[in-house]
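Just below is one structure, and these are the notes that go with it.
The values are calculated or read from the model by the stated rules, or taken from the named source; none is laboratory data. Every value quoted in this text rests on a predicted model; they were computed, and no experiment measured them. FYI the Cβ positions are ideal-geometry reconstructions off the backbone, even for glycines, and counts take in every protein chain you see. We work out accessible area using only protein heavy atoms, side chains counted, and drop any ligands, DNA or RNA first. Shrake-Rupley method; radii C 1.70, N 1.55, O 1.52, S 1.80 Å.
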Amino acid sequence: MTTDVTGRVAVVTGAAGGIGEAIAHALSDRGASMVVLMDRDGVRAQQAAAKLPGPATAMAVDVTDPTQVRKAINKITTAHGPIGLWCGNAGIVAGTGLGEAPDWELSWKLHVESHLSALRELVPAMTASGGGTFVFTASAAGLLTSLESAPYAVSKHGTVALAEWCAITYADRGIKVHCLCPQAVRTPMTDGADRTLAVAGDLLEPAAVANSLIEAIDEGRFLVLPHPEVAAYEQRRAQDHDRWLSGMSRLRRNLDSVTETRHE
C-alpha cells in the first residue's frame, strides 16, 4: 500500500527504544526509502536500526541543541535526499510537583524548542519540494493534564499547541501535521509510575501506538489517540471545565490516600 511514508526519507527522534523505535520500525515496514533513528544514545539507536526491515541508519544527536539538529539535517539530506517525514518523538518526565528550574528548562527545550529547531530547518525545504509530514509526539497530558509533574503537563500542552499552529499555518503549503497523544505506554518512562498508571487506562505496547500513528497518517487525521477514551475525557473537560477540575482534584486526593496507606 502506497502512503505518505512510501519512498520518503523519514527521521524519528528519541528512537533508541520505546515508542520511537516502534515508530521507526512501522515507517520502515511501510516502505520509507531510509529511516534515520536519532537519539542521544547513538549506540542503542544503531542497535535499533539494525532490526528494521528496510534501509536504516542511526545518529547520535541531542535534539535540544539547535546546532546539532541543523548539522544532522544537512548530513541526512546530503547522504539520502530531502527529508519527507520528521517525527519529533524525544521526551522525558522531569520533576515531580512543581519541579525545579532545571526540570522546566529541559522539559521546554525537549517538548517545544526541539520541534522548533526542526521546523525552522525543514519547512522551507519541504514547501519548495511540494510538501512533507511532521509528527509531534505529545501525550494525553497535553490535552488533559499530568497529576504528577507540572513541567511535563505544561510543556506537553505546548507540544499540542505548536502542532495545532503548524497544522493551521502550513495547511496550504503541502505540509501535513499529526499530533500523537497516548496515555500510558510500556516504556522506561512508565517504570515505577504506579499512581499515574492507576488512572491511565490500558498500558499499551509501543507497537500499538505506532500502528495508531500509521493509521492516522493514512487517513490524514491530525489527532492520534491510541487510547480512544481520551477523546471522551477531552470533551468532558471542554463541556464543563469546573466540573472536570473538581473531578481531577478528587482523583488526586484519592491517589494521595492510596499512596499514604501503602506507606504505613
Starting from the coordinates of the alpha-carbon atoms of the stretch 87-149, obtain the Kirkwood hydrodynamic radius over all distinct pairs and give the value in Å to one decimal.
13.3 Å
From the backbone phi of the stretch 8-23, what are the Karplus-calculated ³J(HN,Hα) couplings (6.51 cos²θ - 1.76 cosθ + 1.60, θ = phi - 60°) in whole Hz, Gly and Pro given as x?
9, 7, 10, 10, 10, 8, x, 9, 6, x, x, 4, x, 4, 5, 5
Among the lysines, which have Cα under 22 Å from the Cα of Lys156 when same-chain residues fewer than 8 positions away are ignored?
Lys109, Lys176
Only helices counted: for the chain, with every DSSP H run of 4 or more residues adding -39500 (n - 2.57) and the sum spread over all residues, [θ] at 222 nm is -16000 deg cm²/dmol
Ranking Thr145, Gly14, Leu52 by how far each Cα lies towards the positive end of the charge dipole of the chain (+1 on Lys and Arg Cβ, -1 on Asp and Glu Cβ), the top one is Leu52
Extended-chain gain in nm, criterion 0.36 nm per residue less alpha-carbon gap, Ala128 and Asp240
35.9 nm
Can you tell me the length gained on complete extension of the stretch Ser33 to Asn74, counting 0.36 nm per residue apart and subtracting the Cα distance?
13.0 nm
Tell me, what ³J(HN,Hα) does each residue in the stretch 27-39 have, in order and in whole Hz, if you take phi through Karplus 6.51 cos²θ - 1.76 cosθ + 1.60 with θ = phi - 60° and put x for Gly and Pro?
5, 5, 5, 8, x, 4, 5, 7, 10, 9, 9, 10, 7
The percentage of the accessible area of the chain (probe 1.4 Å, all protein chains present) made up of carbon and sulfur atoms, to the nearest whole number, is 51 percent
The answer for the chain, accessible area per residue at 1.4 Å probe in Å², is 48 Å²
Cα centre as origin, Lys/Arg/Asp/Glu Cβ charges: the chain dipole, Debye:
480 debye
Would you please report the Å³ per residue occupied by the convex hull of the alpha carbon atoms in the chain?
128 Å³
For the stretch 7-91 (alpha-carbon point model, no solvent) the Debye-based log₁₀ I(q)/I(0) at q = 0.10, 0.17, 0.19, 0.20 Å⁻¹ works out to -0.18, -0.55, -0.70, -0.78
Alpha-carbon gyration tensor eigenvalues x 5, square-rooted, for the stretch 1-150, Å
26, 17, 15
Relative contact order [Cα under 8 Å, 6+ residues apart], the chain, whole percent:
16 percent
Once the Cβ-Cβ distance between Ala171 and Ala231 is put in as r, and R0 is 25 Å, what FRET efficiency do you end up with, to the nearest 0.05?
0.70
